[in-house]
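Colleague: Pasting a structure here, questions to come.
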Amino acid sequence: MTAVAIIGGSGLTNLKNLRISRREVIRTPYGEPSAPLVYGVLSGREAVFLPRHGPGHTIPPHEVNYRANIWAIKHTGVSRVIAINAVGGISPDYLLPGTLVIPDQIIDYTYGRAHTFFDSEQKQVTHVDFTDPYCEELRQTLIDAARRARLSTIGHGTYGATQGPRFESASEIRRMEQDGADIVGMTGMPEAGLARELELCYVSIAVVVNPAAGKAEAAISIREIEKNLESGMSKVRALLEQAIPLIVQG
Ligand code: HPA
């Protein structure tokens, strides 16, 4: 059985090191996922991959069908999900592009997104615990894998999820910093919350691709981000290669 799913973000619409065996189009009660699920073998273990923004990177963060994506992944029978997220750095230690972060907390600033499976069609009002939004066991495995791969990684941090698709104002980032956010991205929520509702063990590998608004002299440059995405994602591939055999027993 496939044991781990990887949700690719910006810069990771395909996993070069995944030996692809098949693709599966899945229909869900919530509509279509971002793309067909891609099954294959990574570091000798079965894995399934889903590009969050679609195969051609055409779906913006606020239009991703997060419910269909998480439902489809659950439907494959996997129990663990590694999400890849490009982020801006806010706190001093998180500013350098290329920094990998395994966050342990999240703040949701998004709005108007379909964010729950537990709406009024449920038989009963349902709440889930979200004290620790990420799966601690899988977080520790990723931190261990990063150490083994000699990839310098920050093993904690608070992800602030914004609505996008525009970047933030400098004041919005100052407010987020006061709230305790270390990094900012547009796709962390509702994905993490939906994964928790379906009892998936879910973690994020966040890749800093720019200093957040007001944290560098210059304005945010898309060209800079694209350059940093490319080098950051090669680190993510190296981390996944090291981590998958630790996660899935051979
Ligand atoms: N803000 C929000 N999302 C992002 C950023 C940012 O600065 N960089 C990459 N994703």
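The values are calculated or read from the model by the stated rules, or taken from the named source; none is laboratory data. These numbers were taken from a predicted model, which means no experiment stands behind them. Here the Cβ positions follow ideal geometry from the backbone for every residue, glycine too, while neighbour counts run over all protein chains shown. The accessibility values were calculated without ligands, DNA or RNA, using every heavy atom of the protein model including side chains. Shrake-Rupley method; radii C 1.70, N 1.55, O 1.52, S 1.80 Å.
Colleague: What does the convex hull of the alpha-carbon atoms of region 196-250 project to on average, in nm²?
Modeller: 5.9
Colleague: While we're on this one: Using the Cα atoms of region 121-219 to build a convex hull, what is its mean projected area in square nanometres?
Modeller: 8.5
Colleague: On to the next question. If the reach is capped at under 26 angstrom between alpha carbons, list the lysines near LYS123, excluding any in the same chain fewer than eight residues apart.
Modeller: LYS74
Colleague: Which value in Å does the Kirkwood hydrodynamic radius of region 99-176 take, with 1/r averaged over all unlike C-alpha pairs and then inverted?
Modeller: Here the Kirkwood hydrodynamic radius works out to 15.4 Å.
Colleague: Here's a follow-up. Please state the relative contact order of the chain as a whole percent: Cα pairs under 8 Å, 6+ residues apart?
Modeller: Over the chain, the number comes to 27 percent.
Colleague: Still on this structure, please answer the following. State, as an integer percentage, the relative contact order of region 1-111 based on alpha-carbon contacts under 8 Å between residues 6 or more apart. Working shown, then result.
Modeller: Details: 176 pairs, mean separation 36.5, N = 111.
Here the relative contact order equals 33 percent.
Colleague: Can you give the FRET efficiency for TYR111 and ARG150, using 1/(1 + (r/R0)^6), R0 = 45 Å, r = Cβ-Cβ distance, to the nearest 0.05?
Modeller: Values: r = 40 Å, r/R0 = 0.90.
Efficiency for this residue pair is about 0.65.
Colleague: I've got another one for you. How big is region 1-123 by the Kirkwood estimate over distinct Cα pairs, in Å?
Modeller: 15.9
Colleague: Once the dipole of the chain is set up with Lys and Arg at +1 and Asp and Glu at -1 on Cβ about the Cα centre, which of LEU96, ALA181, GLY112 lies farthest towards its positive end?
Modeller: Going by the charge dipole, the pick is LEU96.
Colleague: Quickly work out the SER169-to-LYS227 label distance, labels modelled 7 Å from Cα along the C-beta direction, and quote it in nm with one decimal.
Modeller: 3.0
Colleague: Note down the accessible area of HIS75, probe 1.4 Å, to the nearest 10 Å².
Modeller: Roughly 110 Å² of HIS75 is accessible to a 1.4 Å probe.
Colleague: So which lysines can LYS16 reach, going by Cα to Cα under 22 Å and dropping same-chain residues fewer than 8 places off?
Modeller: Qualifying lysines at Cα under 22 Å: LYS227, LYS235.
Colleague: Sticking with this structure for a sec: How would PHE49, PHE130 line up by accessible area, probe 1.4 Å, largest first? Display every interim value, and only then the final one.
Modeller: On the way: PHE49 5, PHE130 65 Å².
Descending accessible area places them as PHE130, PHE49.
Colleague: Can I ask one more? Under 5 Å between amide hydrogens, which residues at least 5 positions from SER204 or on another chain qualify, with H placed 1.01 Å from N in the peptide plane?
Modeller: ALA83
Colleague: What does the charge count near ARG147 come to, summing +1 for each Lys or Arg and -1 for each Asp or Glu among other residues with Cβ under 15 Å from its Cβ?
Modeller: Working: positive: ARG139, ARG148, ARG150, LYS235; negative: ASP144, GLU241.
Neighbour charge sum, excluding ARG147 itself: +2.
Colleague: Could I ask something else about it? By per-residue mean of other Cβ atoms within 10 Å, what is the highest-first order of 173-184, 205-216?
Modeller: Going by the mean number of other Cβ atoms within 10 Å, highest first, we get 205-216, 173-184.
Colleague: Express as a percent, rounded to the nearest 5, the fraction of DSSP beta bridges in region 4-247 (both residues included) that run antiparallel.
Modeller: Counting DSSP beta bridges with both partners in region 4-247, the antiparallel share is about 35 percent.
Colleague: While we're on this one: For a label point 7 angstrom out from the Cα of GLU137 toward its Cβ, which stretches of region 183-210 have the backbone nitrogen within less than 17 Å?
Modeller: Counting backbone N atoms under 17 Å from the label point, the list is 196-204.
Colleague: Something else about it: Over the chain, with a single point scatterer placed on each C-alpha, what log10 of the ratio I(q)/I(0) does the Debye formula yield at q = 0.08, 0.12 1/Å?
Modeller: One equal scatterer on each Cα of the chain leads to -0.27, -0.64.
Colleague: Place the peptides 143-152, 118-127 in order of packing, highest mean first, counting for every residue the other Cβ atoms within 10 Å and averaging per peptide.
Modeller: Highest mean packing first, the order is 143-152, 118-127.
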